[in-house]
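Written out below as structure tokens is the structure these notes cover.
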Amino acid sequence: MVLITALLRVLHAQFGMPVDVLTSGPWSAPLLRGQPGVGEVMSVRSRRTPYWLAPDQRRAVRWLRERGAGPTWFCDANEAARPMLERAHLPARWRVEVREHPREPNEHATEQWRRLGLIWPAALADIPAAVRARARAAAQAVAPGCLIAVSTTQRAELAAWLAARGLDASPLICIQAGNKRTMRRGLKRLAVNHKYWPEERWSQVLRHVRSVYPGHAIVLLGTPSEQRLNRELMARARIERCHDLADDLPIPRLLALLERAAALISVDSGPAHAAAAVGCPEVVLFGKASPSLYRPLGTAGADVKVLTGQIEGAPSMLGISAEQVSAAFDELRLRTGPL
């Protein structure tokens with residue numbers, strides 16, 4: 001959803017009106033609501049739940065019907081959400097579908113979304129050429145990459161929250177060790193968790209960061225389910241001024257925190273992409289996902305160091321050493337300035 005801001009900004013620039021979004025999952029609505037160029041955000045919990053068991057899907061279909069037929073970009077490569085479009089009676093001539101415009105060789109995901117935004121549905125074929133040219137020029141003027149805006153309200157709320165935790169006077173270095181599969185059903189080393197990186201390596205990195213930046217507070221991010229992992233890392237590292245913030249990080253607060261932070265070290269994750277979108281320098285560990293496709297890319301041009309590894313010739317995060325992460329962090333251009 002952070003990557004797709006590249007599409008939303010292009011559409012807003014071309015058509016000069018807010019882009020309504022139908023999405024799913026807990027990240028999406030709080031991430032997108034209030035962003036420049038974004039209109040109404042309608043969210044469903046799951047696209048795969050049977051329709052008759054999903055009141056949120058039925059509400060979304062009613063919303064689509066009320067809006068009526070209009071230019072629509074269908075960004076889901078699988079078929080799970082398609083029944084909602086069909087039930088909303090949204091004709092194919094009004095749709096641009098990502099599955100019909102696959103990624104080109106060596107094309108980053110944000111560039112694919114930009115390219116998709118420049119394709120108009122067949123229903124707009126009669127738009128005059130001069131109008132199309134002006135719209136295309138406006139779209140091409142949009143800076144490449146992702147952009148997330150943090151509001152003054154979010155900044156003020158973050159400042160009060162940090163003050164309550166005694167963290168308002170220190171520059172912050174953020175750590176995102178977990179991911180959505182980290183604490184799911186048993187051991188973190190399950191084969192489905194391709195973004196697992198061993199606790200002992202994380203603790204080595206934490207000790208290194210503390211030795212290089214003794215005046216910074218180190219804060220561990222995540223969701224409440226990742227607190228157990230964070231506390232294990234803190235117990236192993238045994239360093240001062242290391243704080244677990246995973247108990248109370250709703251998305252708006254996380255975005256403001258990343259905007260304020262001096263740097264982030266993270267596995268390939270949503271927070272890593274959000275950090276780039278708000279201009280936070282970072283070191284990102286990649287596993288099986290391709291950095292050429294998913295490397296965090298923000299319009300602010302923050303310094304991003306990407307690390308990859310291999311085990312027995314196959315891409316694996318386990319092939320990245322703690323020394324490599326520490327060395328990349330040492331080369332990172334940390335953000336400085338007023339707190």
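Placing unit charges on the Cβ atoms only, positive for Lys and Arg and negative for Asp and Glu, gives segment 152-331 a dipole magnitude near 520 debye about its Cα centre. Karplus-derived 3J(HN,Hα) values for segment 11-19, using 6.51 cos²θ - 1.76 cosθ + 1.60 with θ = phi - 60°, are 5, 4, 5, 6, 9, x, 8, x, 9 Hz; glycine and proline are entered as x.
Treating only the Cβ atoms of Lys and Arg (+1) and Asp and Glu (-1) as charged, compute the dipole magnitude of segment 5-140 about its Cα centre; round to the nearest 20 debye. It would help to have the intermediate numbers written out before the result.
Values: 21 positive and 13 negative charges, 51 e Å.
In total the dipole reaches around 240 debye.
Amide H to amide H distances under 5 Å link Leu264 with Cys174, Glu282, Val283, where only residues 5 or more positions off or on other chains count and H is placed in the peptide plane. Residues of the chain were split at every exposed loop site, defined as GluC sites (Glu not before Pro) in a DSSP loop with at most 16 other C-beta atoms within 10 angstrom, and the longest piece left, sites excluded, is 108-239. I want the antiparallel fraction of DSSP beta bridges within segment 152-331, as a percent rounded to 5. Among the beta bridges of segment 152-331, antiparallel pairing accounts for roughly 10 percent.
Among Met234, Met317, Met17, which comes first, then next, by fewest other beta-carbon atoms within 10 Å?
Working: Met234 19, Met317 24, Met17 10.
Fewest-to-most ranking of Met234, Met317, Met17: Met17, Met234, Met317.
Only Lys, Arg, Asp and Glu carry charge here, each on its Cβ (+1 for the first two, -1 for the last two); on that basis the chain has a dipole of about 700 debye about its Cα centre. Sequence-distant or interchain residues sharing an amide H contact under 5 Å with Val306, placed H: which? Amide H neighbours of Val306, under 5 Å, 5+ apart: Val284.
How do Phe286, Phe74 rank when sorted from fewest to most other Cβ atoms within 10 Å of their own Cβ?
Values: Phe286 22, Phe74 18.
Result, fewest neighbours first: Phe74, Phe286.
Considering only beta bridges that DSSP places wholly inside the chain, some 5 percent are antiparallel.
When Lys288, Lys180, Lys305 are arranged by Cβ crowding within 10 Å, least crowded first, meaning fewest neighbours, the order is Lys288, Lys180, Lys305. By how many degrees, 0 to 90 and rounded to 10, does the Cα axis of helix 227-237 deviate from the longest principal axis of the chain? So the inclination is approximately 30 degrees. Across segment 131-148, rounded Karplus estimates of 3J(HN,Hα) from the backbone phi angles (6.51 cos²θ - 1.76 cosθ + 1.60, θ = phi - 60°) give 5, 4, 5, 5, 5, 5, 5, 5, 5, 5, 7, 6, 5, x, x, 9, 9, 10 Hz, Gly and Pro being marked x.
On C-alpha positions alone, give me the angle between the axis of helix 152-164 and the longest principal axis of the chain, in degrees, nearest 10. With rounding to tens, the tilt is 20 degrees.
Rounded if a/c is under 1.5, else prolate if a/b is larger than b/c, else oblate: which is segment 148-272, with a ≥ b ≥ c the root eigenvalues of its Cα gyration tensor? Mind showing how you got there, number by number?
Details: a/c = 1.99, a/b = 1.32, b/c = 1.51.
Oblate, since a/c reaches 1.5 and b/c is not below a/b.
Rounded to the nearest 500, the helix-only mean residue ellipticity at 222 nm of the chain stands at -11000 deg cm²/dmol, with each DSSP H run of n ≥ 4 adding -39,500 (n - 2.57).
Remark: segment 255-268, residue by residue, has Karplus-estimated 3J(HN,Hα) of 4, 5, 5, 5, 5, 7, 5, 6, 5, 9, 10, 8, 6, 4 Hz, where x stands for each Gly or Pro and the curve is 6.51 cos²θ - 1.76 cosθ + 1.60 at θ = phi - 60°. Residues whose amide H lies under 5 Å from that of Val44, counting only those 5 or more places away or on a different chain, are Thr23, Ser24, Gly25; hydrogens are built 1.01 Å from N in the peptide plane.
Read the figures in this text as sums done on the coordinates, not as results from a lab. Everything numeric here is computed off the predicted structure, so don't read it as measured data. Don't worry about glycine lacking a Cβ; one is built from the backbone with ideal geometry, like all the others, and counts go over all protein chains shown.
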